[in-house]
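Working notes, structure below.
Computed from the coordinates by the stated procedures, all read-outs in this text should not be read as laboratory data. A quick note: this is a predicted structure, and the numbers were derived from the prediction, not measured.
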Amino acid sequence: LLKKKHFRLIGMNLKLMLNLRGMEPTSVNFTSIHPVEPQTILVATAMGLYKSRDGGIGFDHIFPGRSLKERHCNIVRYHPTDPNIVYLGTDQGFMISTDGGDKFARPTGTQLSTARTKWIEIAPSDPKVIYAGTTIGAFRSMDGGRTWRWIFYETLNTQNYVISIS
């Protein structure tokens, strides 16, 4: 019908849009509560990132991802001292938001930007130190996520799966 009327779909097709509107159930992988406003919650799911501003009664789909891999969000974390900074781990890499989760960008110059990110941990002693566990090893940032260094890598692929960091 849309093609007959010469409408042009921008971004997503109709089938994907209906799926994202809640027609299919999705798994919740991780939740993160705002450090200052406990009514604000971010939820990483298999269908993207959702945000609630009313304690979980209603959710807005704030990050649907640009691809199937990017849509699958594994973990989300608020920065403990600056809640405008949000870290997101997807099946297509690590992403950072500096505006509370409205827009996300990838770190440049590192394998972490495309590695399937399974875990993000912020050091309690220094919130500038961030660790990321991926399917290709572990990474560390000493400057709040601007630059990253590969800190764990093994030659056997099966030994590189870092699914949690403490």
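May I ask you to list the aspartates and glutamates whose Cα is less than 12 Å away from that of LYS128, ignoring any residue fewer than eight positions away on the same chain?
Cα-Cα hits under 12 Å: ASP82, ASP143.
Explain nothing, just compute: Karplus ³J(HN,Hα) = 6.51 cos²θ - 1.76 cosθ + 1.60, θ = phi - 60°, for every residue of the stretch 104-115 in order, whole Hz, x for Gly and Pro.
Here the 3J(HN,Hα) series is 10, 9, 9, x, 9, x, 8, 5, 5, 5, 10, 7 Hz.
Residue by residue, what Karplus-based ³J(HN,Hα) values in Hz, rounded to whole numbers, does the stretch 63-75 have, using 6.51, -1.76 and 1.60 with θ = phi - 60° and x for Gly and Pro?
So the J values, rounded to whole Hz, are 9, x, x, 9, 8, 4, 5, 5, 5, 6, 8, 8, 8.
Where does the stretch 27-69 land on Rg/Rh, using Cα atoms and the Kirkwood Rh?
Over the Cα atoms of the stretch 27-69, Rg/Rh equals 0.99.
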